[in-house]
Amino acid sequence: MKHTINQEEKVFDQFLKIYKAQVTQDSFDGKKEINSTRLALDRGNTVAVLLYEKDTDSFLFIRQFRYPSSRRDQGWIVEIPAGAIDKNESAEKAAIREVKEEIGYEIESLEFIIEYFPSPGMLSEQISIFYGEVASSQKTLRGGGATSENEDIELIKIPRNDIKQKLNNRFFNNSISIISLQWYLLNKVQYNKINL
């Protein structure tokens, strides 16, 4: 199957960019072409990091105000550290930088979990999620986010043994946290040794 972007223009250009395009695509039955006008919200690609702190047996989360979710009466969101990938920066380097900036931990390497489109009908953004393990001694900086971006970020530690219950009780309401924790439960937990 084929598609063609016939015409594309940027119709909004601030922190977020919106593109409008005329698109032609093949139909599934192969009998016709479908022509349509589509919009795409572009903010670049992002990273997120699920961090497990070994000596406290806890996962490290952040809490910060999110204007879009505040429109649905959920202003302060608990999520894993995340942020944008800068130009000419690898996803892993961006993840390491964001962890340092948001919660003050120095990390050297991460395990790749997944790259996915959080909302492909609207966003061109891809999110790369990583996993890492740290010790509390690796918190060498204040964290709290970038003051130049008016970020105000709080570090939240959630005990590992509480994670499954919080998932079941719908405590987490963002895809990066849910996907990364479900990955952890599927790939890192030995059910015969750990009672989660």
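What residue, among those in segment 26-46 that are surrounded by 14 or more Cβ atoms within 10 Å (Cβ to Cβ) and more than 17 Å from the chain's Cα centre (by Cα), is nearest to R97 (Cα to Cα)?
A40
With the requirement that a residue be in contact (Cβ under 8 Å) with a residue 40 or more places away in the chain and outside any strand (DSSP E or B), what does segment 117-126 give you?
Hits for segment 117-126 are P118, M122, S124, E125, Q126.
I need a count of the residues in segment 127-165 that are in a loop (DSSP other than H, G, I, E, B) and surrounded by fewer than 17 Cβ atoms within 10 Å (Cβ to Cβ).
Matching residues across segment 127-165 total 8.
Within segment 77-88, can you find the residues that are assigned to a loop (DSSP other than H, G, I, E, B) and surrounded by 14 or more Cβ atoms within 10 Å (Cβ to Cβ)?
I80, P81, I85
Determine, yes or no, whether K17 is of a type outside the set (A, V, I, L, M, F, W, C), under 17 Å from P120 (Cβ atoms) and either in contact with a helix residue (DSSP H, G or I) (Cβ under 9 Å, 6 or more places away or on another chain) or without any contact (Cβ under 8 Å) to a residue 40 or more places away in the chain (or both).
Taking the combined requirement at face value, the residue satisfies it.
Please find, among Q64, Q74, the residue that is surrounded by 14 or more Cβ atoms within 10 Å (Cβ to Cβ) and under 26 Å from K17 (Cβ atoms).
One residue alone meets the criteria, Q64.
Which one of these is in a strand (DSSP E or B), touching a Phe, Trp or Tyr at 6+ places or on another chain (Cβ under 6 Å) and either surrounded by 13 or more Cβ atoms within 10 Å (Cβ to Cβ) or of a type in the set (K, R) (or both): V49, V23?
Of the residues listed, the single one that is in a strand (DSSP E or B), touching a Phe, Trp or Tyr at 6+ places or on another chain (Cβ under 6 Å) and either surrounded by 13 or more Cβ atoms within 10 Å (Cβ to Cβ) or of a type in the set (K, R) (or both) is V49.
Using the structure shown, decide if K166 is farther than 21 Å from Y67 by Cα, free of Cβ contacts under 8 Å to residues at least 12 places away in the same chain and among the basic types (K, R).
The answer is yes for K166.
Test L181 against the criterion of being under 26 Å from D55 (Cα atoms), of a type in the set (A, V, I, L, M) and in a strand (DSSP E or B), and give yes or no.
no
Yes or no, residue by residue, for (1) more than 30 Å from T37 (Cα to Cα); (2) modelled with pLDDT of 95 or more:
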{"site": "I77", "(1), (2)": "yes, yes"}
{"site": "I80", "(1), (2)": "yes, yes"}
{"site": "K87", "(1), (2)": "no, no"}
{"site": "S90", "(1), (2)": "yes, yes"}
{"site": "F112", "(1), (2)": "yes, yes"}
{"site": "G145", "(1), (2)": "yes, no"}
{"site": "E149", "(1), (2)": "yes, no"}
{"site": "P159", "(1), (2)": "yes, yes"}
{"site": "L167", "(1), (2)": "yes, yes"}
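Would you confirm whether any residue within segment 138-147 is assigned by TED's automatic domain parsing to the domain that holds F61, over 18 Å from the mean Cα position of the chain (by Cα), among the basic types (K, R) and farther than 18 Å from Y52 by Cα?
yes
Give the residue that is farthest from S177 (Cα to Cα), with candidates limited to residues of segment 55-76 that are touching a residue at least 60 places away in the same chain (Cβ under 8 Å) and part of a loop (DSSP other than H, G, I, E, B).
That would be D57.
The values are calculated or read from the model by the stated rules, or taken from the named source; none is laboratory data. This is a predicted model, so every value here is computed, not measured. For neighbour counting, all protein chains shown are included, and Cβ atoms are generated from backbone atoms with ideal geometry for every residue, glycine included.
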